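I'd like to ask you about the structure that follows.
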Amino acid sequence: MAEILYAPNAERVVSTNAWAYLHWLRMTGGMSLDGWDKLRAWAAREPAAFEDAIRTFAQASPLPEPDSRKTPGRAWGPADWLLFADLRPDDRLVAIEGEETEPFARAGDEGASILIAPAQVLSASAFQRPRRPDLANLRTIIATGGPMSPEARRRIYTWVKADVLLLACAGGTYWGNPLEPVVAEPRPTPAFLTPRPSAHPPS
């Protein structure tokens, strides 16, 4: 059985874009998709219908521009930002490149709600420190280049924040999603198969 590091409560799950999108599909299209895997399978099976639906859904909630136009290894489309990253109009997104040594301090200083950073940078920074940054706003961490080791993922919950959603991505692969518990050894799943013409969320 997978070791669960963090299980979002029902209130948090139903506040995600992914849950809202699944509910919207039921209400507007009579489509009942139970969970992340079935949503991703539909996206792969009917990419045109999926893309049309996600763009219509996204129009009701225009997304903010991220602080950096750099994405986690590829140009993301609306489905990636809305459903996987769970980006919302009032989010403060901080995207870190390179070998920055204090990603969590920066996230705290900038009031980030979503932090995107290389897995090795997050892993090296997730230790006890004299002064913990104020991460009250931080809701999601996305590790780029693939998931951190189980030990590093545990350190995030011990020394960084106990109720943060920890995701990972590399190229066309995701680890984790906003609807399910975070585990020590997440399984890889294919990303949404949508066109990615730009390197930033739609405005």
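Where the only charges are on Cβ atoms (+1 Lys, Arg; -1 Asp, Glu), what is the dipole of the stretch 4-190 about its Cα centre, to the nearest 20 debye? Each step should come with its number before you reach the end.
Numbers: 21 positive and 23 negative charges, 61 e Å.
Dipole about the Cα centre, nearest 20: 300 debye.
If amide hydrogens are placed 1.01 Å from N in the peptide plane, which non-local residues have theirs closer than 5 Å to the one on A191?
T173, Y174
Run the quick spin-label model on A124 and A162: label points 7 Å from Cα toward the beta carbon, then report their separation in nm to one decimal.
3.0
Output the 0 to 90 degree angle, nearest 10, between the alpha-carbon long axis of helix 47-59 and the longest principal axis computed from the alpha carbons of the chain.
The two axes meet at around 70 degrees.
Under a plain spin-label model, where a point goes 7 Å from the Cα along Cα-to-Cβ, how far apart in nm are R55 and E110?
With each label placed 7 Å out from Cα toward Cβ, I get 3.0 nm.
Considering amide H positions built from the backbone, and no H for Pro or chain starts, which residues 5 or more places from A168, or on another chain, come under 5 Å of its amide H?
A143, W175
Please compute the net charge surrounding N17, taking Lys and Arg as +1 and Asp and Glu as -1 over other residues with Cβ under 9 Å from its Cβ.
On the way: positive: R88; negative: D86.
Within the 9 Å Cβ shell, the charges total 0.
If I fit a long axis through the Cα atoms of helix 17-29 and take the longest principal axis of the Cα atoms of the chain, what angle between them do I get, 0 to 90°, rounded to 10?
10
Residue by residue through the stretch 126-135, which ³J(HN,Hα) values in whole Hz follow from phi under the Karplus form 6.51 cos²θ - 1.76 cosθ + 1.60 (θ = phi - 60°), with glycine and proline marked x?
Karplus-based 3J(HN,Hα) across the stretch 126-135 equals 8, 10, 4, 9, x, 10, 7, x, 7, 10 Hz.
Highest first, please rank the peptides 142-148, 9-15, 53-59 by the mean number of other Cβ atoms sitting within 10 Å of their residues. Intermediate values should be presented prior to the final figure.
On the way: 142-148: 22.4, 9-15: 11.1, 53-59: 17.0.
Going from most to least packed, we get 142-148, 53-59, 9-15.
Return the ratio Rg/(2.2 N^0.38 Å) for the chain, where Rg is computed over Cα atoms only. Show your work: numbers first, answer last.
Details: Rg = 16.3 Å, N = 203, 2.2 N^0.38 = 16.6 Å.
For the chain, the normalised Cα radius of gyration comes out at 0.98.
Computed from the coordinates by the stated procedures, all read-outs in this text should not be read as laboratory data. For clarity, every value in this text was computed on a predicted model and none was experimentally measured. Cβ sites come from the backbone with ideal geometry, for glycine too, and all protein chains shown count toward neighbours.
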